[in-house]
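I have placed the structure first, in the form of structure tokens, so that the comments after it can refer back to it.
The values are calculated or read from the model by the stated rules, or taken from the named source; none is laboratory data. Keep in mind that this is a model prediction, so the values were computed, not measured. So basically every Cβ, Gly included, is an ideal-geometry build from the backbone, and we count neighbours across all protein chains shown.
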Amino acid sequence: MKIGQTIAKIRKERGITQEQLGKALGISSQAVSKWENGGSPDTEMLPEIADTLGVTIDTLYGRSNEPHKDMKTTLLNWLSKFPKEKRMYKLFSLLCCTLGHPYYVDINIQSADGNEIIKLPISSCYSIDASMPKQTAWFRSAIILDNGIQLAIPAEDCPLFMVMPEPVDGYELHFSDNEEYRTLFSTLAMPGALEILRTLYARKSNYRSKKAIAKAAHISVETTEKLLIKLTECNILKKTEVELEDTPIETYSLNDSSDVFVPFMLLSRWLNEKNDSYLCYWNGRKKPILTKEQKNEKP
């Protein structure tokens with residue numbers, strides 16, 4: 001078997017398209033097709049091809065039947081080639097290439113005029129291509145099946161990708177009590193609460209006094225004081241007393257668990273979004289999204 005045929009065989013076993021392999025290698029899908037139809041890649045590309053497919057170079061030459069490399073190791077090796085500041089985006093971009101494929105959904109996302117297939121990630125979540133004016137929609141992707149949920153904003157200007165395989169006992173088992181949610185949401189609904197949080201998140205310095213927070217958020221000190229108490233009770237903020245010239249001053253800072261504020265705000269917008277614009281939407285789930293815990297009943 002020629003090396004190009006071996007590449008085609010392994011690529012198909014992996015469920016990788018010619019386009020995805022080409023993108024991972026920085027070449028066109030036509031170049032991959034040429035290899036697989038009688039051509040051969042340059043020898044200097046073989047190590048990268050082997051790493052991308054998760055095999056050894058000997059396997060590409062058909063000289064080895066040893067087990068395939070662990071794909072987790074291959075992925076980590078691939079990420080390590082990029083500067084640290086680019087690795088998170090590179091991982092996001094790679095995940096976008098998988099959109100729909102784990103579920104055997106054949107997806108071709110077309111441009112607004114229908115003349116070309118859109119490459120993911122797109123440049124802006126507000127416009128698929130140059131023929132569509134911006135700010136007309138907010139494009140997202142969602143795949144919901146019996147074994148889990150995949151949510152994504154496959155765009156460079158608002159990159160988000162979430163994969164949530166369904167736990168054996170379902171999602172609801174891991175929810176908080178309804179009263180805790182009501183307390184949290186009613187606190188966030190109070191006028192000034194979100195202004196305080198967005199003010200604190202917009203500043204590098206974390207510990208701030210009530211007066212400093214009130215001034216930055218453009219809220220009265222009295223209102224700020226009430227809101228700080230509520231936000232602290234919800235465990236979003238934490239209070240610390242600082243001694244200044246023998247005078248204790250209360251300061252407030254974001255709690256460690258508040259790192260989820262950004263995804264919380266984006267997913268809250270998603271839940272409340274009136275514009276139903278999806279690059280990809282597939283709902284093949286046959287059971288309710290919340291499945292009740294199964295109780296053992298006596299015969």
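For this structure, a couple of remarks:
- Put simply, of 186, 205, 209 the only residue that is polar (S, T, N, Q) and in contact with a strand residue (DSSP E or B) (Cβ under 7 Å, 6 or more places away or on another chain) is 209.
- Within the option set 48, 44, 19, being closer than 24 Å to residue 282 by Cβ and at pLDDT 75 or above holds for one residue only, 19.
- Meets criteria (more than 30 Å from residue 281 (Cβ to Cβ), surrounded by 13 or more Cβ atoms within 10 Å (Cβ to Cβ) and at pLDDT below 85) for residue 70: no
- Failed item in (1) touching a helix residue (DSSP H, G or I) at 6+ places or on another chain (Cβ under 7 Å); (2) farther than 30 Å from residue 162 by Cβ; (3) modelled with pLDDT of 95 or more, with residue 231 passing the rest: (2)
- Odd one out for residue 104, checked against (1) at pLDDT below 75; (2) over 22 Å from residue 162 (Cβ atoms): (2)
- The range 28-41 residues that are more than 7 Å from residue 4 (Cβ to Cβ), paired with ones that are modelled with pLDDT under 90 and of a type in the set (A, V, I, L, M, F, W, C) (beta carbon under 6 Å, 6 or more apart): 32/21
- If the condition is being closer than 16 Å to residue 120 by Cα, in a helix (DSSP H, G or I) and either in contact with a Ser or Thr (Cβ under 7 Å, 6 or more places away or on another chain) or not polar (S, T, N, Q) (or both), then the range 1-24 contributes 18, 19, 21, 22, 23, 24.
- Per-region count, the range 1-51, residues within 30 Å of the chain's Cα centre (by Cα), under 20 Å from residue 62 (Cα atoms) and among the charged types (D, E, K, R): 6
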